[in-house]
């Protein structure tokens, strides 16, 4: 079993986000956690409300960007932050659930709003040990 | 950055001759100190842009260039539509028409100092700023389309500002060729609650003192003098622009191969100007430019109301409004003949020199103001476009300081509360909904804006007119 985790990597103007998981799905879930952490400490977000998300793309990398951009859209239009994710991938299609709550400025102290996920440093790949990595740069 | 591949043309011009797939040379305008500080990725991105179809004359980077996505931030490139030229969503960026406007207040710094606490509170109360903030204006479908067609002109017609403002905005406040019908429902929904909001990140509203005038005649033509107070707003097209950028980046990445474009990197996603997707993007991007112009106009209206609370009778006149993430159709001389080009400026400011026909009459003798935002602890600058810049870089100059440190590293180095307290000790009041946001935007996370501006001045891209220092900063 691999440890699932998320991380940020440096980019001069924006933020690199990376999810690592035992499966591609888990790497996508962890990448979403990394996205949430761009805005605030994910531990401050209560997973109260459920939102469903579906998207599709011709390859894994475009699908990762689509998934993150779908989350950014939900965050922007619902004024919500998310901290728990369940992703299912089948043949270029993503079906997911995200749990979170409305932005509470005093409690979340949101640092910055993500504008969009882009193709810079975009990778969905397996490392030599077999762990899945899903990463890209997010414009903030 | 490794300078081995560059040949130095002058103190501030560094050239990479075209090699491999490059169609034109790459040129960076910077001092040696600034170019050495640039990430190697700027070189890669400068070269990649030089490979795109239809690029004309050169792939340029301004003195504040840094690693972006696709194009470097601080990148300028012009494309000829009749030679397969492209339009690139990544070459404009997500925050379409992000820009700066500066207004003069007619007040002296000594008048504002004793009242600055009250003014900071009034501004923070009236200007929606930060993640999750919403504006008071909610547009229905027909008003949304009218705003996307009319920009700041629409806003003034609805009572947000005065007609004189429009003279001092690029395109007289309204970008022609906008097509609201090609803007997706998602983009319009994302904008629904965001009209008249500042946003977050490096966006701000700042009360500034004019501490130094470098050119009295030009400053006087702009109506500014040492010791006076001006107010600047830095923000863009909010969620609508972000969503348009997101959607077209994907559409262009997928469609590039069908158009016969072999992209050096997918992040350079682009489409021929003469193509269905290229024309659709241009219509949507121009609508986003209008959204940004309307947004800054509404924020100006809110600012004027806040000023009335504290300084009744104060009249705020717009000095100028610039956009630094755009693609615009412009005439430029290339090899002795005038060409109609699609000029991408991503993190670069238009800097037309004196006499340019696109400038309003009041500015035609001096040139276009170039408004450079700094950080909450350093300085901002007003420069003016030059004839030289029209020769060097399609009439373009820098746009800001540029980060020298990632947000992640800034969070490790500074605590937001401490940054606010330190700035307060220096007489600068910061109001922000997020201490973490303040830490990520700490002045030390940015390059030296004065070095960038000096390089732009020495390279002839624009001329220094005035230095502004912050008194109050409202951060998102």
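Please treat every number below as a calculation from the coordinates, not as lab data. The shown structure was predicted, so the numbers you read here are calculated from the model rather than taken from an experiment. Note that we place each Cβ from the backbone using ideal geometry, even for glycine, and neighbour counts take in every protein chain shown.
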Inset, instruction - Only Cα pairs under 8 Å and at least 6 apart count here; give the relative contact order of region A:5-139 as a rounded whole percent. - result: 32 percent
Legend entry - Percentage of interatomic Cα-Cα distances in chain B larger than 31 Å: 38 percent
Legend entry - Difference of contour (0.36 nm per residue) and Cα-Cα distance, residue B:23 to residue B:274: 88.4 nm
Legend entry - Relative contact order of region B:357-454, defined on C-alpha pairs under 8 angstrom at six or more residues apart (%): 30 percent
Inset, instruction - Whole Å is fine, so just give me how far the alpha carbon centre of region B:162-189 lies from that of region A:1-67. - result: 34 Å
Legend entry - Proxy reagent accessibility, fewest Cβ within 10 Å first, across B:142, B:88: B:142, B:88
Inset, instruction - Round to a whole angstrom and tell me the spacing of the C-alpha centers of region B:408-471 and region A:112-129. - result: 29 Å
Inset, instruction - Quickly estimate the mean residue ellipticity at 222 nm for chain B, helices only: each DSSP H run with n ≥ 4 gives -39500 (n - 2.57), and the total goes over all residues, rounded to 500. - result: -10000 deg cm²/dmol
Legend entry - On Cα atoms only, tilt of A:24-39 relative to the major axis of chain A in degrees: 30 degrees
Inset, instruction - Would you mind computing, in nm to one decimal, how far apart the modelled labels at residue B:110 and residue B:388 are, each placed 7 Å from Cα along Cα→Cβ? - result: 3.7 nm
Legend entry - Alpha-carbon centroid distance for the pair region B:98-148 / region B:220-267, whole angstrom: 21 Å
Legend entry - Residue order, fewest to most beta carbons within 10 Å, for B:286, B:337, B:190: B:337, B:190, B:286
Inset, instruction - Note down the relative contact order for chain B as a percent, whole number, built from C-alpha pairs under 8 angstrom at least six residues apart. - result: 22 percent
Legend entry - FRET efficiency for residue B:40 and residue B:317, using Cβ-Cβ distance with R0 set to 51 Å, rounded to 0.05: 0.70
Inset, instruction - Between residue B:3 and residue A:9, take the C-beta separation as r, use R0 = 22 Å, and let me know the FRET efficiency to the nearest 0.05. - result: 0.25
Legend entry - Spin-label proximity, residue B:10 to region B:310-334 - amide N less than 20 Å from point 7 Å beyond Cα toward beta carbon: B:332-334
Inset, instruction - Note the direction-averaged projected area, equal to a quarter of the hull surface, for the Cα convex hull of region B:118-225, in nm². - result: 9.3 nm²
Inset, instruction - Summarise the long-distance tail of P(r) for region B:266-349 by giving the % of C-alpha pairs beyond 18 Å. - result: 62 percent
Legend entry - Relative pair counts by distance (%), Cα atoms of region B:70-111, 10 Å bins: 20, 33, 19, 15, 11, 3
Inset, instruction - Report the label-to-label distance for residue B:226 and residue A:86 in nanometres (one decimal), using points 7 Å from each Cα along the Cα→Cβ vector. - result: 6.8 nm
Legend entry - Order of B:381, B:320 under a 10 Å beta carbon neighbour criterion, fewest first: B:320, B:381
Inset, instruction - Could you work out how far apart the two model spin labels at residue B:138 and residue B:82 are, taking each label as a point 7 Å from the Cα in the direction of the beta carbon, and quote it in nm? - result: 5.1 nm
Inset, instruction - Evaluate E = 1/(1 + (r/R0)^6) for residue B:364 and residue B:424, where r is the Cβ-Cβ distance and R0 equals 30 Å; express this FRET efficiency to the nearest 0.05. - result: 0.10
Inset, instruction - Taking all pairs of distinct Cα atoms, average 1/r, flip it, and tell me the Kirkwood hydrodynamic radius of the protein assembly as shown in Å to one decimal place. - result: 24.0 Å
Inset, instruction - List, largest first, the extents of the alpha carbons of region A:5-139 along their principal axes, each in whole Å. - result: 43, 33, 23
